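Heads up: the structure comes next, in structure tokens.
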């Protein structure tokens, strides 16, 4: 049950670091389901992990969500705005409770809780409220295009006889689609419409942020939403269930607590979109379950995010870089973040300088365990300490390595060149351990990153523009950030999401709205112009006219059209 | 065979890794190759389409060749623009910084196409995949064998065969292909195989685009120009591969009072289009194969349906031909109203008031396209708001797919993901977020050890208060 699955799993698989890790049809899970069912209609006790609402109650609530969406209640802009306002009120009114829940679940300092969760959410909800009118407006898809093209074709073509030569300048050809001539006149729009009833599986490491950030997009897009928080952050899950019903429209937004069995039960249903945040192994289960109803899914996974640390010029800038590395490793939920720095790549000759600075800065920043979040639970604590147990890995520890099982706390730990085939370098670390890998030349790090599954983020600290260019062009990842880390998460104008092993589907800002919307193509035509050319029976004249059109020979087309020649 | 297939995939991966498909010049050269192929090989392509589907030459030109050509041209024209990183405002919160979104190719993509438009549905996605800089494996449908082997023969002659490969085969070969790891799978076909594709994709966490079909409804109001409406419906239904098209009208809903007029008009139009004996018309495609013929026959012969035929009904099993056939008021629980028809059968349902059509459509799975004929713009708006469909077209059928500025794709049971024009490029690209920060403006408040003044500044920054932002940038609070 608690065995480190990752050892058998593919490289980069975050095997245990997931919220629904028992989510396979095993005996344990069977018994859990039996237990959940035996609870009947009793109110679920959420004190214990895996406790679930009774299946019938879940069914009833999902039915209510569907009915609410069908009634059209979630569609008006005013409803969406009122929900966003409700969310903002919730964040303001219940800030202290949120801080407490995050402290109970993860030992997060209130400053960290605000910076990474409550604050970011407030910013996102405000932005959504400000922008929603723009997002929800239909987009005019170039309808004048036809006119412009028509003119262009007529004027340019009369002068040119275009033959399709491979190297002819294509630029002036315009979008020469003859079909629009047939479809003329028409007006085209792309109209965003809500998908329907959507399901959000959130994760335990940012239990508030990863629940509410997508929720903002889902309600802004006018959907009814079921939110399944992670059972591994029970205090926050309870906080969400207690408050969301009070501040948001309880018929359209529901929090459904529970463990893997509830997750599985939820996936039996038809959803119009499922967003899953967690690990690849459970993601596979979710995606396979989504097949039944052909539900589109978005998967926010993780991966080993590398940090390429070039020799940054200037003491001040160097110190700033080191600050930011520490911020992105230990100060983001103690490294339990999907975009946290996983390991650092640095030139051999520069490694001692970096290590010295890291150590001295750590001493200033994180003097005691209060300043850093703790490990989420005993199982993850065990997993992380197992990573360090490998003798070759243990020998590479340069700094830290202290384990406090009672308080689930692990000291910020730096390792130098642990073996590349050890678990710490093949699975996502998701904790406060930082391997430093040395390379001969910093450019070698590009090959190092390319040889591994695509991460959610690549970071690089460097002054070198050519290196930056090479990193962007030659490596692939969800995002690239230069000279900082993790902060890209808060930038709404950038899409957030993975590629390859780190997932697919992007959200944040307008992208959240798009994630939960369908772009409906709408074309309007009149009855005014009717080209007989379109219709059978086909005769030689029609074919001749079409032939002229295909060859962009509009002179002959018109002659043929007028019956002056064949 | 198995080895050669694995070797082909391996070669694709190696070529992509070597960066061969990335330069804009390579992409443009392939697109020009495609354009040349569609131009120079017109006759061969028309022959293959005729062999597979009895597709009239005109339809081959209008629906396949011309659309491929215009797709190539459109992509060529816009390639540079699409490839260009898009600058986005970086937030003051992270001052000083710049942010951009850089499209990058996904890698190795698999395109599985369908038999009804065997050229268009093969090459249109491939054009997007090439424009986005991917290596592509194309699996044409074995249901259109002539086109499948023609593509396998032609593509290597006109495009870079080391990075764009055609892999032919049936269920077994497709299954083997699906077991490989891809960076995107693009499938066009039915929802049953769509599920198989998605299940295979789940194994490697591969994103998949599913272009499926569904029962596309046509609602006809009584205030329309009857003759034009009838012609447009007929062109969309029988003029598109004899109804074997994913966006072909599947059934009509109209008012009881208007149905006879519409029926008369459709009959007139059909007679004009295809003559007295449509089975003899060269302007109608045939049914693709015997199994589909059998399926359609089953739909026609179902007991509760067979006496509802008001027009047509002729068929010729030998030649796999079925005449345009119209049904009036078939029961909703008949097979013809439950599954996608995908053939020349057109049921007309009647309602008392045109608004009742909304509920009827919403009680079914979301279609790929929904059509409404009306002059009433209020009704158009209501339809737009109430009906969910991949695309929506007023006063015409099918032609919305020719507009490269509109995304083409389904929703719900009609599929996920969209393509055409820039949307094709997007479907095969990853939007990479790139952020570049400077070292100035180091906000101490971000870092531990945490304190009350730090929290206050953080709050100000995240709430967008300028004073706090400036303080943060200047490195307040001073001291530890």
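Considering only residues of segment A:244-263 that are within 15 Å of residue A:68 (Cβ to Cβ) and part of a helix (DSSP H, G or I), which is farthest from the chain's Cα centre (by Cα)? Residue satisfying both the conditions and the ranking: A:245. Selection of segment B:343-363 for residues being surrounded by fewer than 17 Cβ atoms within 10 Å (Cβ to Cβ) and either within 14 Å of chain A (Cβ to nearest Cβ) or within 16 Å of residue B:229 (Cα to Cα) (or both) yields B:359, B:362, B:363.
In the set (1) closer than 27 Å to residue B:291 by Cα; (2) free of Cβ contacts under 8 Å to residues at least 12 places away in the same chain, residue B:91 fails one condition alone, (1).
Of B:53, B:73, B:67, all but one fail to be in contact (Cβ under 8 Å) with a residue 60 or more places away in the chain, buried (at least 20 other Cβ atoms within 10 Å of the Cβ) and within 20 Å of the chain's Cα centre (by Cα); the exception is B:67. Restricted to segment A:323-349, and to residues there that are within 11 Å of another protein chain (Cβ to nearest Cβ) and over 23 Å from the mean Cα position of the chain (by Cα), the residue that is surrounded by the fewest Cβ atoms within 10 Å (Cβ to Cβ) is A:323. Each residue in segment B:433-449 was checked for being over 23 Å from residue B:88 (Cβ atoms) and either crowded, with 22+ Cβ neighbours inside 10 Å or more than 7 Å from chain A (Cβ to nearest Cβ) (or both), and 3 of them qualify.
The rows are residues; the columns are (1) out of contact with any helix residue (DSSP H, G or I) (no Cβ under 9 Å at 6 or more places or on another chain); (2) without any contact (Cβ under 8 Å) to a residue 40 or more places away in the chain.
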{"position": "B:385", "(1), (2)": "yes, yes"}
{"position": "B:397", "(1), (2)": "no, no"}
{"position": "B:403", "(1), (2)": "no, yes"}
{"position": "B:429", "(1), (2)": "no, no"}
{"position": "B:468", "(1), (2)": "no, yes"}
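With respect to the numbered conditions (1) touching a helix residue (DSSP H, G or I) at 6+ places or on another chain (Cβ under 8 Å); (2) closer than 30 Å to residue A:502 by Cα; (3) facing chain A (nearest Cβ under 7 Å), which one is the sole condition not fulfilled by residue B:454? For residue B:454, the exception is condition (2). Identify, please: which residue in segment B:191-213 is in a loop (DSSP other than H, G, I, E, B) and within 11 Å of chain A (Cβ to nearest Cβ) and is, among those, farthest from residue B:259 (Cα to Cα)? Step by step, filter segment B:191-213, then rank; the result is B:204. Residues in segment A:190-220 that are within 14 Å of chain B (Cβ to nearest Cβ) and in a strand (DSSP E or B): A:190, A:191, A:192, A:193, A:194, A:197, A:198.
Filter segment B:457-480 down to residues that are part of a loop (DSSP other than H, G, I, E, B) and more than 8 Å from every other protein chain (Cβ to nearest Cβ) and give me whichever is nearest to the chain's Cα centre (by Cα). Among them, the one singled out is B:465.
No other residue among B:310, B:269 is out of contact with any strand residue (DSSP E or B) (no Cβ under 6 Å at 6 or more places or on another chain) and either in the same structural domain as residue B:339 (by the TED database) or over 21 Å from residue B:348 (Cβ atoms) (or both) apart from B:269. Just to verify a result, which residue in segment B:160-180, among those that are touching a residue at least 12 places away in the same chain (Cβ under 8 Å) and more than 23 Å from the chain's Cα centre (by Cα), is nearest to residue B:241 (Cα to Cα)? In this case the residue turns out to be B:173. Number of residues in segment A:285-322 that are touching a residue at least 24 places away in the same chain (Cβ under 8 Å), more than 22 Å from residue A:465 (Cα to Cα) and either more than 9 Å from chain B (Cβ to nearest Cβ) or not in a loop (DSSP other than H, G, I, E, B) (or both): the value is 12. Taking (1) without any contact (Cβ under 8 Å) to a residue 12 or more places away in the chain; (2) within 15 Å of the chain's Cα centre (by Cα) in turn, residue A:488 satisfies each apart from (1).
The values are calculated or read from the model by the stated rules, or taken from the named source; none is laboratory data. Quick caveat, the model's predicted, so the values are computed rather than measured. Don't worry about glycine lacking a Cβ; one is built from the backbone with ideal geometry, like all the others, and counts go over all protein chains shown.
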